[in-house]
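Take a look at the structure below.
The values are calculated or read from the model by the stated rules, or taken from the named source; none is laboratory data. Source: prediction; values computed, not measured. All Cβ positions, glycine included, derive from the backbone under ideal geometry; neighbour counts span all protein chains shown. In case anyone asks, the SASA skips ligands and DNA or RNA and just uses the protein heavy atoms, side chains included. Shrake-Rupley method; radii C 1.70, N 1.55, O 1.52, S 1.80 Å.
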Amino acid sequence: MVIVAGHLLVAPEGREAYLAGCVTVVEQARSAPGCLDFAISADLTDPARINIFERWETPEAAESFRGAGTGEDQTAAIRTAAVAEYEIAAVRSLS
């Protein structure tokens, strides 16, 4: 399993527009082969922060979906990014 997690920082006044532009990406990811979960969401306390969380069956599934990455408009809106990919060896359910 692969988890991609982290955050982006955008201009606070542009965050809602950025997130609105991600709706189709989230829909496509969630229907992509190997996607177990995919979320892009506004942070509750930082008006510039967008949280990223993805869970994939395999690294290949994540890479296949990722392709070329974000579009030009999205890339231009990102001030900084701290996102990493983790390969998970074992999972323990907490629910």
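Of all residue pairs spaced 6 or more apart or on separate chains, those with beta-carbon atoms under 8 Å, a first member in the range 27-51 that is free of Cβ contacts under 8 Å to residues at least 24 places away in the same chain and a second member that is assigned to a strand (DSSP E or B) and of a type in the set (D, E, K, R) are Arg30/Asp37; Asp37/Glu54; Asp37/Arg55; Phe38/Glu54; Phe38/Arg55; Ala39/Glu54. Go through the residues of the range 20-27 one by one and say whether even a single one is open to solvent by less than 30 Å² (accessible area, probe 1.4 Å) and touching a helix residue (DSSP H, G or I) at 6+ places or on another chain (Cβ under 8 Å). Within the range 20-27 (the criterion being open to solvent by less than 30 Å² (accessible area, probe 1.4 Å) and touching a helix residue (DSSP H, G or I) at 6+ places or on another chain (Cβ under 8 Å)), the answer is yes, since at least one residue qualifies.
At least 3 residues being hydrophobic (A, V, I, L, M, F, W, C) and within 13 Å of the chain's Cα centre (by Cα) is the threshold, and among the helices (runs of 4 or more DSSP H) wholly inside the range 1-90 those reaching it are 23-31.
Is one or more of the residues making up the range 76-83 open to solvent by less than 60 Å² (accessible area, probe 1.4 Å) and free of Cβ contacts under 8 Å to residues at least 40 places away in the same chain? No: zero hits.
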